[in-house]
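Structure first, commentary second.
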Amino acid sequence: MNKQEVILCDSLVENLSQAIARIPHDRLFLLTDEHTHTLCLPLISDIPEVASAKEIIIGAEDVHKNLETLAQVWMELSTQGASRKSLLINLGGGMLTDLGGFAASTFKRGIAFINIPTTLLAMVDAAVGGKTGINFNGLKNEIGCFSPAASVLLETEFLRTLDQANICSGYAEMLKHGLISNQRHLDELLSFDMNRIDYALLKGLVGESVKVKEEIVANDPHEHGIRKALNLGHTIGHAFESLALAEGRPVLHGYAVAWGLVCELYLSYIYTGFPKELLQQVIYFVRSNYGAYRFDCKQYEQLYELMKHDKKNSNGIINFTLLRGVGEIALNQQAEQRIINETFDFFRENMGE
Ligand code: GLY
């Protein structure tokens, strides 16, 4: 996988004009959803190439991350004359950049694309690192491929329009990047005031956070080894997310990840010696900003079953990424069910209000 260029924008208009000019192409296409068409496109529509690009508008939200929407994008590319040399700009959140990236990577065996993520979650995670895809057969990201964008442009001005919950959701992935990188970055993240957002400071943190992910992806683009570090918090987090959805009280991905981080740091404390004081600091931050996920002991078995079905497992063995300390990563760790149940007890006792 080629290394993708990630740019923390000073001026999206300038940075995007330059990125478009760097990629030889015949026709330019622009993928938006019903929200980014209205709210974000005006910020770049003065660029002459963008103004004359063919726009494809899809439905927003994860419910549209499916084969039908993908076929709609392929169809519009095809009927509007896209060639192997055409260029697609994806303007949206993680659902759109995943789907648009996959549409581009498969159309005529692959055309170039630029990602302009508009949510914090997409900026620090989904739009960077070359994972593309759609949901299929009721399973998230079941179909997809690794395919890097030619450029990823991070315009943090978009974050000013996000609500607090969506900022918190993306921030959980940043917290994860802090935990798998270094103490200085983690301290910066833990001292950030989520209730009075300093957007200039947030921009710097986003830049640093993305570098953590870029470095890991550069070393292991196809997730054979160290890229699994990015799964910290996600094994239990995905189980919370699935349980919440099944119970008709869906939670944003990053909230589930934040709660998953607390649980997996407890497992790290038990199995790999993660320091207790640091665990307490993370618990305090997560409890203050994300509240608690409520469940009772009758649901432990269901959560365990959900974890067993995580697609990152092999041979039905639940595979955790744990930490020995900040930046000290222990891949492919197993945990006994008895200790996982103890983890849920610990979570409920420490995260309750
Ligand atoms: N979201 C985790 C990864 O990109 O590997």
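The values are calculated or read from the model by the stated rules, or taken from the named source; none is laboratory data. Keep in mind that this is a model prediction, so the values were computed, not measured. Virtual Cβ from ideal backbone geometry, glycine too; neighbours counted across all protein chains shown. Surface areas here come from the heavy atoms of the whole protein model, side chains and all, with no ligands, DNA or RNA. Shrake-Rupley method; radii C 1.70, N 1.55, O 1.52, S 1.80 Å.
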With Rh as the Kirkwood radius over Cα pairs, the range 46-129 has Rg/Rh of 0.94
Taking the range 170-254, the equivalent ellipsoid from its C-alpha gyration tensor has semi-axes in Å, biggest first, of 23, 21, 10
Counting only protein heavy atoms with a 1.4 Å probe and every protein chain in place, the carbon and sulfur fraction of the accessible surface of the chain in whole percent equals 50
For the chain, the charge dipole (Cβ of Lys, Arg +1; Cβ of Asp, Glu -1; about the Cα centre) points to a positive end, and the Cα of 87, 352, 339 closest to that extreme belongs to 87
Kirkwood Rh over alpha-carbon pairs of the range 1-75 plugged into Stokes-Einstein at 37 °C, 0.692 mPa s gives a D in µm²/s of 233
For the chain, the dipole about the Cα centre with charges only on Cβ (Lys and Arg +1, Asp and Glu -1), to the nearest 20 debye, works out at 800
Taking alpha-carbon centroids only, the range 169-237 lies from the range 247-275 a number of Å equal to 15
For the chain, the per residue accessible area (1.4 Å probe, Å²) is 43
Checked the range 101-161 with the C-alpha gyration tensor, a ≥ b ≥ c its square-rooted eigenvalues, rounded below a/c of 1.5, otherwise prolate if a/b is larger than b/c and oblate if not; verdict oblate
Quick calc of log₁₀ I(q)/I(0), the chain, Debye, one scatterer on every Cα, no solvent, q values 0.06, 0.10, 0.11, 0.12 1/Å, result -0.21, -0.60, -0.72, -0.85
With no solvent term and unit scatterers on the alpha-carbon positions of the range 247-353, Debye gives log₁₀ I(q)/I(0) at q = 0.09, 0.12, 0.14, 0.16 Å⁻¹ of -0.22, -0.40, -0.55, -0.73
Partner aspartates and glutamates whose C-alpha sits under 20 Å from that of residue 85, ignoring same-chain residues fewer than 8 away, are 5, 26, 49, 55, 76
Note: the range 58-99 at 4 °C, 1.567 mPa s; Kirkwood Rh on alpha carbon pairs; Stokes-Einstein D in µm²/s works out to 117
Highest GNM mean-square fluctuation among 27, 184, 84, for the chain with Cα springs under 10 Å, belongs to 184
For residue 22 the rounded accessible area (nearest 10 Å², probe 1.4 Å, non-protein molecules ignored) is 120
Sorted largest first, the C-alpha extents of the range 245-298 along its principal axes in whole angstrom are 36, 25, 17
For the range 88-129 (alpha-carbon point model, no solvent) the Debye-based log₁₀ I(q)/I(0) at q = 0.20, 0.28 Å⁻¹ works out to -0.50, -0.86
Computed over the range 1-160, the distribution of all Cα-Cα distances in 10 Å bins, rounded to whole %, is 12, 47, 36, 5, 0
